[in-house]
Structures are given as C-alpha cells and as structure tokens.
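One structure is given here, and the rest of the page talks about it.
The values are calculated or read from the model by the stated rules, or taken from the named source; none is laboratory data. Remember, it's a predicted structure, so these values are computed and weren't measured experimentally. Cβ sites come from the backbone with ideal geometry, for glycine too, and all protein chains shown count toward neighbours. The accessibility values were calculated without ligands, DNA or RNA, using every heavy atom of the protein model including side chains. Shrake-Rupley method; radii C 1.70, N 1.55, O 1.52, S 1.80 Å.
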Amino acid sequence: MLIFRQLFDPPSCTYTYLLGDSSARLALLIDPVFEQAARDAALLKELSLTLIATVDTHAHADHVTGAWLLKQRLGSNIVISAASRAQGADRQLVDGDRIEFGARYLTARATPGHTDGCMTFVLDNEKMAFTGDALLIRGCGRTDFQQGSSQRLYQSIKTHIFTLADDCLLWPGHDYRGLTVTSVGEEKDHNPRLGGNISETDFTGYMDHLGLPHPKQIDVAVPANMVCGQPRDAALAGDGANWAPLNFTFAGFWEIEPYWVSEHGKTVQIIDVRNPDEFDGPLGHIDGAVSIPLGELEGRAQELTKEIPVVTVCRSGARSAQATTILKKLGFAEVANLSGGMLRWRAQNLPASGALE
Ligand SMILES: N[C@@H](CCC(=O)N[C@@H](CS)C(=O)NCC(=O)O)C(=O)O
Ligand SMILES: [Fe+2]
C-alpha cells in the first residue's frame, strides 16, 4: 500500500509530498523545505519510515530545498534533474528515469518551461502525478526568470501532463489560495492559461503579462538550491536544540527523555506544571523541581531565567507540552517537555520526592 501525505510550508506556500511503501517502510520526499526538516524527520519517524531520497522537481526560486539538510540528518540521497545543473546531487535524473521506494516507483518526465530542469513525477499506476511548478491548480509556473520559456512550458504540459488519463490526480508544487489537488481532466477543461482551445500564442501572450514581483527569497534561494540546499555557513543548519539530545514531534514539540533529565537534572530548570495537590501527591515530584501550575506559568515566568534550559513536567506530558509553547512565546529558546511525564518517570523507576512506594 502507498503511504501518502501532503505537507505545507506557509511562508512560501510550498507543498512537500511524502510517499512511502507500507511494506518496505521506505519513503521519498518530493520538494522538502529547508526550514521544515525537523517536521519532516519527525513525521517519518512517527510513521516508522526510512527516507531513502529527497527528490526536487526543480531548482526553486522562492525557498531553499531541505535536500542537503535531510541528507545530513537522515542519510537520504539527493535526487534532481541533470538539466537543473544543481551541484552535489547523488543522482541526476533524465526523462524516463525511475525513482524506486520499496516495491513502488515514480517515473520522471522532463517538463521544462518554468525552469529548464523542471520534472513531473508520475506514480507507477499513473493515478497521481507531482507537477512541481510546471502546472499549478488553474495556473502554471511563471516563465520570466531562471531560463523560463512559455513556449517550452506549453509544449511540456500538452505533451507530458495532459497526455495522462483525465482522472489522474495532479499535486502541485505550490498553491497560493489554499487549494490542494486537481486532475488532468479538470485542468484540460478549466485552466485559464492553457485549457480548452487556448493556443500557444494565446498562452505566451498571457504569460508575458503576468506582472508578478520576483519571489522575495530569490537571491538567497537560487544560489542555495544550485548546491542542493547546502548553506554557506554550516552553523545555519542547527535548530538551536543542541543543549540536550532532544526529539522533535510532528505535533511540534521538543521532547526530552527521562533518563537524560535524571542524569543532568542539576544543569536545567525543572518546572512542574501540575496542581499543588498533584505535586505533593502519590506520584511525587522530581527532586529540585519548581512547582508552577500551568495556569500561573505566564504570570510567573519571570521567576525563571532564559540563560538555563527549562524542562517542563506534568503527569502524562500533555499539559507540560502546552507549557513549552507558552515559554517559547515568552522568549525562552531552550525548552523541552519531559516525555511521558511523571507516569513514565516512575515507570522507569527514577527517584521521586514524596512518592508513595
Ligand atoms: N510571492 C511569492 C512569489 C511566488 C512565485 O513567483 N512563485 C512561482 C513559483 S517558484 C510561480 O511560478 N508562481 C506562479 C503564479 O503565481 O502564478 C514569493 O515571494 O515567494
Ligand atoms: Fe518554482
């Protein structure tokens, strides 16, 4: 079976797609975004998937790819078209190449025009295709920078995308209105730039007058993507979470394991956000923990220092996850939630003050 997720990066309106083989537990990411690498790695981990490759549809102009960063963190291969001329890829695709993940695969179709290295990736059963910025929902990629050519784009879409079956779903590289998916039949009929009887000349006339401002990130994104997303300063690849071996969850929280806190408890501020009766109740509390109930945290945050990392604790790890969000908003950069709370702490036989044996 296919595992499939559509993920979104709000600042650039980019879609990233996760495709996995449920038996082999192997996955690909199409068009990952640099700033979303921790999210993507968390989802792969929670779904028990190994990322074998990241596949970019093109060298993007509006955001930096997560390809290099995910390779550093997860060992995935970097895959992009040879025509993109991006340096540092593990595999350079040409038209017709297959990208396998377990028993499933994508076939790469060269669809130049938005850039000359653009590719569309078609799933093995031809029920889904990932068009990058060649074809967008009721739109298409612009052709006014990065070797763009409206003639080439028209030919690419007509001969390599509109030749798929009408019910083939098309998943775009971006959508700026929150739309998520379309189909070949729909776009053939209703795409205002090149659907119906619109000719190549009509299309190029439309594209010559789009009048769009250049993407805000173009001067940063293009040079970075020409080296598959490797930052000039490797320090930029950090996520500020290196004070302890933290785990990032797809829900968006940084977590810390009980054993680490039991070994290093003196080097952090432990904040127990349960109610006072729970703090002094049968589960006990961690030695040195400060009791600040969740409802009082915002008002009493000045009792804490931003210079020392904070670990939040509750019964199960739910209220203390919310506590990390509150502290982050107040400007605490180094904050993590005790995974599993006092229940897991006690289940692992770690010492607790005032606990009933
Ligand atoms: N305002 C956006 C610009 C987005 C943009 O230009 N997107 C390109 C794809 S990289 C495009 O082809 N847009 C087509 C369109 O908006 O019709 C930004 O600054 O990032
Ligand atoms: Fe693009």
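Could you work out the relative contact order of the chain, using alpha carbon pairs under 8 angstrom and six or more residues apart, expressed as a whole percent?
Numbers: 748 pairs, mean separation 44.9, N = 357.
Worked out over the chain, it gives 13 percent.
Modelling each spin label as a point 7 Å along the Cα-to-Cβ direction, I'd like the E298/S316 distance in nm, to one decimal.
If labels sit at E298 and S316, their model points lie 2.4 nm apart.
When the Kirkwood radius is taken over all Cα pairs of segment 228-304, what Stokes-Einstein diffusion coefficient follows at 10 °C and 1.306 mPa s, in µm²/s?
Using the Kirkwood radius from Cα pairs, D works out to 104 µm²/s.
Report in % the part of the accessible area of the chain that belongs to carbon and sulfur, leaving out ligands and nucleic acids; probe 1.4 Å.
52 percent
Considering only DSSP states other than H, G, I, E and B, which trypsin sites (Lys or Arg not before Pro) in segment 79-147 qualify as loop sites with at most 10 other Cβ atoms within 10 Å? The partial results should precede the final answer.
Values: sites: R85, R91, R98, R104, R109, K127, R138, R142; in loops: R85, K127, R138, R142.
Hits after loop and neighbour filter: nothing returned.
Would you mind checking the pairs K71/K216; K45/K329; K127/K329; K45/K188; K216/K328 and listing those with alpha carbons more than 32 angstrom apart? The partial results should precede the final answer.
Values: K71/K216 26 Å; K45/K329 26 Å; K127/K329 43 Å; K45/K188 38 Å; K216/K328 27 Å.
Table pairs above 32 Å Cα-Cα are K127/K329; K45/K188.
Can you list the lysines whose alpha carbon is less than 20 Å from that of K266, not counting same-chain residues fewer than 8 positions off?
K306
Using DSSP to define loop residues, name the chymotrypsin sites (Phe, Trp or Tyr not before Pro) in segment 94-159 whose beta-carbon has at most 14 other beta-carbon atoms within 10 Å.
The qualifying sites are F145.
Using the beta-carbon distance between Q155 and L210 and R0 = 25 Å, what value does 1/(1 + (r/R0)^6) give for FRET efficiency, to the nearest 0.05?
Efficiency, rounded to the nearest 0.05: 0.85.
When the Cα atoms of segment 270-357 are enclosed in a convex hull and the volume is divided per residue, what value in Å³ results?
It comes to 81 Å³ per residue, whole-number rounded.
What order do you get for 204-210, 39-45 when each peptide is scored by the mean count of other beta carbon atoms within 10 Å, highest first?
Sorting 204-210, 39-45 by mean packing, highest first, produces 39-45, 204-210.
So, in nm, how far is label D189 from label N275 when the simple model puts each one 7 Å beyond its Cα toward the Cβ?
5.9 nm
Between F145 and T163, what is 0.36 nm times their sequence separation minus the Cα-Cα distance? Round to one decimal in nm.
Result: 3.8 nm gained on full extension.
Based on Cα positions only, what radius of gyration and what Dmax would you give for the chain, in angstroms?
Rg then Dmax for the chain, in Å: 24.5, 81.
Please give me, ordered by residue number, the trypsin sites (Lys or Arg not before Pro) of segment 297-336 that lie in loop per DSSP and have at most 11 other Cβ atoms within 10 Å.
none
Using only the Cα atoms of segment 172-318, what are the Rg and Dmax in Å?
Both quantities, over Cα of segment 172-318: 26.4, 77 Å.
With every protein chain kept in place and ligands, DNA and RNA left out, what is the accessible area per residue of the chain? Probe 1.4 Å, answer in Å².
Numbers: 15930 Å² over 357 residues.
Accessible area per residue, the chain: 45 Å².
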